[in-house]
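The values are calculated or read from the model by the stated rules, or taken from the named source; none is laboratory data. Predicted model, so just to flag it, every value in this text is computed and none were measured. Methodologically, a virtual Cβ is constructed for each residue, glycine included, from the backbone with ideal geometry; neighbour enumeration extends over all protein chains shown.
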């Protein structure tokens, strides 16, 4: 690949750089690979930090390579420097120690989704998150899918379903915020949800709901629209 086509952090607008996003909006505003980029700090001779972080999450994010804490193995498998391998192992171990025994999250109603994701209310842009659950509605993955005004052309269904396939999720709950504070769905919100719902019927991965969050209130598209009634 031509080096000129590789996106580097320095090429991003200031507000889109992972560290700046973390400072301005907190960790929930970052995609998983952006969190990895913040931890690692820099790429390798072969890969920029963004490409490296995406590869780590897409290829190894759900694998046991991290659970063993084997620095040398991670260094070899992921192509990292000794320092970067140590940074990843230390970060994952700290996360396990501090949060590994937390209560499991179950999302069985729009109200529970709202309570879980209401941190979205403080964000100045629209963030679409996918909440990936197992057959008992236990949360197994929380992923930022898109940032910015949501519409069917901006958000492709593959961005929604790819994490579900990676994580072996049984179903997905979509949730996004309206910075205006009014959770009423726009035409684009409804159109996008219909498109994703149709794709779910083909892929066999259920879309349980799409919850829009405003100021201390929410709108459940499953409860208040006819999208799920259409087969």
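Please indicate, with yes or no, whether at least one residue in segment 159-171 is farther than 30 Å from residue 23 by Cβ and surrounded by fewer than 16 Cβ atoms within 10 Å (Cβ to Cβ).
First, pick out the residues of segment 159-171 that are farther than 30 Å from residue 23 by Cβ: 161, 164-165, 168-171.
Cutting the leftovers down to surrounded by fewer than 16 Cβ atoms within 10 Å (Cβ to Cβ) gives us 165, 168.
Among the residues of segment 159-171, at least one is farther than 30 Å from residue 23 by Cβ and surrounded by fewer than 16 Cβ atoms within 10 Å (Cβ to Cβ), which makes the answer yes.
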Only listed residue being buried (at least 17 other Cβ atoms within 10 Å of the Cβ), out of contact with any strand residue (DSSP E or B) (no Cβ under 8 Å at 6 or more places or on another chain) and either within 28 Å of residue 16 (Cβ to Cβ) or modelled with pLDDT under 90 (or both), chosen from 150, 192, 174: 192
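Given 167, 184, which one is out of contact with any helix residue (DSSP H, G or I) (no Cβ under 9 Å at 6 or more places or on another chain) and modelled with pLDDT of 95 or more?
184
For the structure I just gave you, tell me whether residue 72 is exposed (fewer than 14 other Cβ atoms within 10 Å of the Cβ), in the same structural domain as residue 218 (by TED's automatic domain parsing) and at pLDDT 85 or above. Spell out how you get there, then give the answer.
Values: exposed (fewer than 14 other Cβ atoms within 10 Å of the Cβ): yes; in the same structural domain as residue 218 (by TED's automatic domain parsing): no; at pLDDT 85 or above: yes.
Here the answer is no, as residue 72 does not meet what is asked.
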